[in-house]
Number of protein chains: 2
Amino acid sequence: MSDPVLLEVTRGDFVESRHRGAIAIYDFDGKPVVEIGDVDRLLFPRSAVKSMQALPLIETGAADALGFQDADLAMACASHVGEPAHVERAAAMLAKLGLDESALECGTHWPSDHASEIALARAGGAPNQLHNNCSGKHSGFLGVCVHCGMDHHGYVGFGHPFQQMIRETMQDVTGIAHDSENAAVDGCAIPTYAVPLRSLALGFSRMGGGKGLSADRAAAAKRLMNAAMHNPFYVSGTDKADTLMMQAAPGRIFVKGGAEGVFCGVIPERGLAIAVKCNDGAGRGADAIGANIVAQLFADEPDVATRIEPVALPPIRNRNGAIVGGIRPADILAELQI
Amino acid sequence: MSDPVLLEVTRGDFVESRHRGAIAIYDFDGKPVVEIGDVDRLLFPRSAVKSMQALPLIETGAADALGFQDADLAMACASHVGEPAHVERAAAMLAKLGLDESALECGTHWPSDHASEIALARAGGAPNQLHNNCSGKHSGFLGVCVHCGMDHHGYVGFGHPFQQMIRETMQDVTGIAHDSENAAVDGCAIPTYAVPLRSLALGFSRMGGGKGLSADRAAAAKRLMNAAMHNPFYVSGTDKADTLMMQAAPGRIFVKGGAEGVFCGVIPERGLAIAVKCNDGAGRGADAIGANIVAQLFADEPDVATRIEPVALPPIRNRNGAIVGGIRPADILAELQI
C-alpha cells in the first residue's frame, strides 16, 4: 500500500507534481495522535536529529566548561546555510577548544545561501569546512572529545568512542537500536541510523516533554530545544524554512529538517512532537508538509499562521518574478485533525 | 491507483527515498510499446518539448535566412547551463537578428553550472538574460519573429501571433489541443500546455520518424533532432545528464529533460520515442529513469551503456567524496521489456 499524496505542486489551474509521505505526531506521553502512511518503514533521519546528537555536549558538562552560549548550542543543532555569521561562530566555537577548521572532518562545500556563496566568490574566496552546514554540530562534537579527553582524530568514524556515546544516547531517546546493522554514512561523514518514523516522533516527544528520559537528559534536551527556539537564525539562516517557522512564534516552535525529505518538530505548549518523511526525498516537500502541520496547530493565532505561510504555501515564480503556481496541501493534509 | 516506484535512492544497505512515475514508449508507427503508470494524466512538458517549439524556426525559413548553424539549432532546443560558450552563442544568434540581450523576455538567473556561476562572480560579473537556460530557445523565437516581420515585443505572451504559431505546431505534432484551457506559464514566461504523457510519446515518435507529419514538418523535425544529437554540449552542458547521454552514442540518441521531472527521448535506429514523468518533479528522478531506459536499449553495446551509467546509476557521495549510496532502478524499471 502506498503512502498518500500530501502535497500538490500547481501551475496555473493544474497539478504538476505530487509529493507522497508519512506523518507521525506523538504526544508528550509517548502516545500516537496522528499516524498517516507507513510509520514503521525505516528511514534515515539525517540532520533532523542534530539536537539529539548534541545531548552529550550538555550532559558531559562540555558546553559549560567551554563557555558555549545559547547561540553556540543552536549551532550545534544546526544545518546552517553558510552566512558569514554562521562561519564566524563555528570558528569561535573551535577557538574555545583550542582548535581550528583543520580539526573538522565534515568536508567542504560552498554556502547553500546563494547570496553568501556569490559574496564569497566575489571576494576571491573559497569555502572551507567552516562553511559546511554541519560545522556547528561538528564543533560541538569536538567540544565533547576535548572536554572528555578523547583523541578527537577520526571522531566521525563508527568505531570512535564519541560515536558510541551518540549511539547510546539516541538509542535511549528513540527507544530503538542504533548499531552496525542499521548504520550508513551521512553527508558529513558521521554514521546515520535507519529508524522508523514513529521512533522519531517518540524521540522528539521525549526531547520536548522529558517523559522516559533521566532527569539530567530531560534537562539537557530542554536546554538545547530552548537554545534553538530562541536563536533560530543559527539553526538555518536568513529566510530559510526552519528559521522562518521558529521566528513565527519565538520560543514556542522547534523544527529541524534533514536531507532527503525529513522534518521533525516539537510544539512544547501543545505537548506534541511531529515527524515527517517526504518519500521522494524532496526538501521542498518536507518543509511544506511540516509547515502545514505547524500552521494548523497555530490556526487560532492568525499572526503566527500567516508568518508560517511562506513555507506552508510557497508560491512558484517564473524567472521574471511572476507567480505562476505554488505548493498546497492535498486534502488529507489540509483536513488533518490534531 | 498510484504509479509504481521506478527508482530507489539508497544509502548503505537501505532504501532512503523512492521516486514514482509513469513511462510511455511509442514506436514510429505511433503505437504504444510500453505504458507504465497513468499515461493519460495531464502534465506540463516544460523544456522537454523545446525541439517541437523550434519547428517554426526551420519551417518559416528563418534559420537558413539568418545563417543559423547546427550548433545554433541545438541551442534553440536547449536548456543550457550557462557556460561561457553557451552565453556567447546566444549573443551571436541575437546579433544575426540585429538584436541584443535586451530583446529577450525570458528573465535572468545565474548559470546553473556551478563552476560557471562561481567564475562569473569571481570576475565581478552578474548574470543577464543570456545566462538564462532558455536564451537559445528565445533567440530562435526572436529569429522567427524578425524573419516573418512580426513585432517581437511581447513574443512570450499567449496572445502574440508567434505563440499562436507554436500552439498550432504542437497541436499537430502531439495530436492534442493546445489552447487557453490547458495553458499555464513556464519558468521562462512563455505558455506551457498540460498534455497526457502518451501524447508526448506520440509527438516524439512523429518528431523521430515523421509519420503523421507533413513532409516539410518531418524534414524540419529530423534536422533539429540531428542538430541536437551532433551538438550535445549545446543542449545542456559539460557533464550534464542530457549531454552525457547524447555523447554516449553521437548522432544516435536524442534526449531532452524538462523541469518538474520530465524526460523525453528518441532512439531513431530503434524507431522508438520515450516520455517519462517523475511524479514528484525531481530532475534526478527523470534523468535516471530516462537513462535506465536508454541504457537498456543499448544493452548489446556495453561501451554505450557504460557511458550512460553515470546518469542511470549515479552514486551519492558525502562531502568528503566517499560513495555512501546511489540511485538504482526498482524492479519494474530494471526488468523492463522493450
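Each principal axis of the Cα atoms in the range B:1-131 has its own extent, and those three values, largest first, are 53, 44, 22 angstrom.
Label-point spacing at A:Ala123 relative to the other copies reads 2.3 nm, in ascending order, each point sitting 7 Å out from Cα along Cα→Cβ.
Label-to-label distances for A:Pro310 across copies, nearest first, come out at 3.7 nm, using points 7 Å from Cα in the beta-carbon direction. Applying the Kirkwood pairwise sum to the alpha-carbon positions of the range B:298-338 produces a hydrodynamic radius of 11.8 angstrom.
Normalising by residue count, chain B has a Cα convex hull of 126 Å³ per residue. When the Gaussian network model of chain A links Cα atoms closer than 10 Å, the mean-square fluctuations of A:Ser51, A:Ser135, A:Ser112 top out at A:Ser112. Using the Cβ-Cβ distance between B:Ala177 and A:Glu181 with R0 set to 35 Å, the FRET efficiency from 1/(1 + (r/R0)^6) comes to roughly 0.05. On the principal axes of its alpha-carbon atoms, the range A:176-230 has extents of 30, 23, 19 Å, going from largest to smallest. With a 1.4 Å probe and all protein chains left in place, how much of the accessible area of the range A:5-334 comes from carbon and sulfur atoms, in whole percent? Carbon-and-sulfur percentage of accessible area, whole number: 50. Distance between the modelled labels on A:Ile332 and A:Gln69, one decimal in nanometres: 4.6 nm (7 Å Cα→Cβ projection).
Considering only A:Val311, A:Val235, A:Val34, the Gaussian network model of chain A with Cα springs below 10 Å gives its largest mean-square fluctuation to A:Val34.
Per residue of chain A, the DSSP helices (runs of n ≥ 4 H) give a summed -39500 (n - 2.57) that works out to -12000 deg cm²/dmol at 222 nm.
Taking every Cα-Cα distance in the range A:143-277 and sorting them into 10 Å bins starting at zero, the pair-distance distribution P(r) comes out as 12, 36, 40, 12, 0 percent. Once the Cα atoms are used to define both axes, helix B:161-174 deviates from the longest principal axis of chain B by about 40 degrees. Sort out for me the Cα centre separation of the range B:246-314 from the range A:120-177, rounded to whole Å. Taking the Cα centre of each part, the range B:246-314 and the range A:120-177 sit 39 Å apart.
A label point on A:Gly98, set 7 Å along the Cα-to-Cβ line, lies at 7.6 nm from each of its counterparts in the other copies, closest listed first. Taking Cβ separations below 4.7 Å as the criterion for a possible disulfide partner, the isolated cysteines in chain A are A:Cys77, A:Cys145, A:Cys148, A:Cys264, A:Cys278. Measuring against 23 Å, Cα to Cα, the residue pairs B:Lys31/B:Lys277; A:Lys256/B:Lys240; A:Lys240/B:Lys137; B:Lys50/B:Lys211; A:Lys96/A:Lys211; A:Lys240/B:Lys277 contain A:Lys256/B:Lys240; A:Lys240/B:Lys137; A:Lys96/A:Lys211; A:Lys240/B:Lys277 as the ones spanning a longer distance. For the range B:208-308, the Stokes-Einstein estimate of translational diffusion at 10 °C and a viscosity of 1.306 mPa s comes to 115 µm²/s, using the Kirkwood hydrodynamic radius over alpha-carbon pairs.
Rolling a 1.4 Å probe across the protein heavy atoms gives the range B:154-206 an accessible surface of 29 Å² per residue. Kirkwood-type hydrodynamic radius, the protein assembly as shown: 26.1 Å, calculated from all non-identical alpha-carbon pairs. Round to the nearest 10 and give me the degree value, 0 to 90, for the angle of helix A:283-297's Cα axis relative to the longest principal axis of chain A. Helix A:283-297 sits at roughly 70 degrees to that axis.
Considering only A:Asn182, A:Asn231, A:Asn132, the mean-square fluctuation computed in a Gaussian network model of chain A, springs between alpha carbons under 10 angstrom, is largest for A:Asn182. Relative to the longest principal axis of the Cα atoms of chain B, helix B:215-230 runs at roughly 60 degrees.
The values are calculated or read from the model by the stated rules, or taken from the named source; none is laboratory data. Quick caveat, the model's predicted, so the values are computed rather than measured. All Cβ positions, glycine included, derive from the backbone under ideal geometry; neighbour counts span all protein chains shown. Ligands, DNA and RNA are excluded from the accessible area calculation, which covers all protein heavy atoms including side chains. Shrake-Rupley method; radii C 1.70, N 1.55, O 1.52, S 1.80 Å.
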